[in-house]
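The next block holds one structure in the form of structure tokens; read it before the comments.
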Amino acid sequence: MADLIKLLKQAFLDAGTYRAAFDPATDLILNAVATVPEPSADDHAAIHFREYFVSGSLGGAIEPGAPRRRALGDIVAPQACEAHYPGPWPIPDPCAVVDGRRGTLDHQIRRLLAGDLVWLYYMERMGVFQILGGILDDYALIGRHPISSRQLAVIVVESMVRELRSGLGSTTRDRDVAYRRCLGWTSEVGRTLGSEAAPNRAFSAQFHRLIRLALQFYKDRQLAVAIRDVVTPTRASTATLIAIRDTMRVLQKSCEVFEYGRTYTTALNGIVWVLGALTVIRDLRRDLGIPESYSSPWEYVPAAYSLFVEPEQTDRRMQPDPNRYFAHRECANAGRNIMLDVEVLPINDRDFATPGGVLETWLNLAESSIEGYRTGYQSLTEINLADGEPVVGQAA
């Protein structure tokens with residue numbers, strides 16, 4: 001186990017960094033969570049911020065009195081242009097860097113991977129962006145709720161309205177294209193957009209196949225222990241491990257699509273907007289008519305969903321069901337943890353799938369994430385992935 005932990009830690013460090021264009025309003029959108037020194041257990045927005053970002057400059061420490069350099073990548077000024085090149089830079093360098101701790105063992109990761117798009121997908125499926133859209137519409141156009149303008153959250157809302165009107169914000173169409181191209185998935189709203197993006201069916205098929213094979217691995221192991229009446233785990237068969245390895249190999253290859261087009265940038269800015277949306281919902285909940293006693297995200301997020309997304313289907317006097325929040329967040333976190341590891345594991349090594357080797361050790365390490373994803377997915381879709389039933393609803 002110690003060797004696997006060291007291997008994963010080094011693999012994530014070797015993945016390096018990835019320079020991408022942040023949303024111009026990133027500093028403002030993240031302000032409410034970036035300035036929290038020690039988030040409480042209920043402050044999920046601030047916790048997720050620390051999973052993805054640290055506050056700082058892309059160029060490192062800045063000398064006192066020195067001009068702040070805004071650069072993207074390794075752009076070098078042409079000869080005799082140093083004084084004014086590149087001029088007013090259209091893509092700001094925010095005071096945030098992708099350098100968080102997440103994954104099965106809280107690894108330090110300095111870039112986004114396809115697993116982070118899985119996280120974004122399930123946060124969107126939770127309804128975070130639909131709630132945010134309802135708040136922005138009410139603030140800018142409808143005025144049904146008395147949203148006081150004398151608070152920081154409203155400045156964030158105003159910046160989001162301006163970003164969307166200028167075409168710079170995180171849009172449903174951009175995110176849906178990213179889901180289709182990388183994950184082969186779409187959302188209920190995305191299905192209505194008529195996107196021509198080619199879905200990555202390899203990821204869509206192999207990801208849930210990996211979950212099924214891993215669940216079968218755990219079931220066979222439990223059965224073998226019960227038959228032998230021992231407490232020590234038994235070695236898995238080579239055939240089982242090879243089937244899992246081959247699935248992971250195709251899955252790992254399919255993740256290369258994350259590097260193509262605007263997928264990385266779309267994922268990055270989508271995550272920024274999710275964190276901003278969670279803080280806006282939290283800080284404006286009283287103005288929106290959500291009871292003050294709803295102080296935890298599993299209370300005020302479902303309440304806001306009932307208010308803005310399904311007002312005609314829900315009795316507002318009833319306690320919102322927190323299971324919607326828990327199940328989506330479980331799928332988001334567990335699915336991300338699984339995929340982050342899959343993307344960096346040395347699957348092509350000769351001894352990777354030997355009994356007692358790296359793969360079997362990883363399966364033992366990832367059991368809580370795989371079981372958590374199965375439980376959350378069954379709660380959302382009533383499909384038990386262990387039964388091998390076809391995946392429905394999300395496939396593009």
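Quick note: the coordinates plus some simple rules give every number you see, no bench work behind them. Predicted, not measured: the structure shown is a model, and the values here were computed from it. Because the Cβ atoms are built from the backbone with ideal geometry, glycine has one as well, and the counts that use them run over all protein chains shown.
On the basis of the beta-carbon distance and an R0 of 51 Å, E158 and I383 show a calculated FRET efficiency of 0.80. Remark: the Q151-S40 segment gains 37.8 nm on full extension, using 0.36 nm per residue and subtracting the alpha carbon distance.
Residue separation of D137 and Y18 scaled by 0.36 nm, minus their Cα-Cα distance, works out to 39.4 nm of gained length.
In order along region 171-187, the phi-based Karplus estimate (6.51 cos²θ - 1.76 cosθ + 1.60, θ = phi - 60°) of 3J(HN,Hα) comes to 9, 4, 5, 4, 5, 5, 4, 5, 4, 5, 5, 9, 9, x, 10, 8, 10 Hz; Gly and Pro are listed as x. Distances between placed amide hydrogens fall under 5 Å for H107 paired with R102, all partners being 5 or more residues away or on another chain. As a proxy for reagent exposure, ranking D341, D351 by other Cβ atoms within 10 Å from fewest up yields D351, D341.
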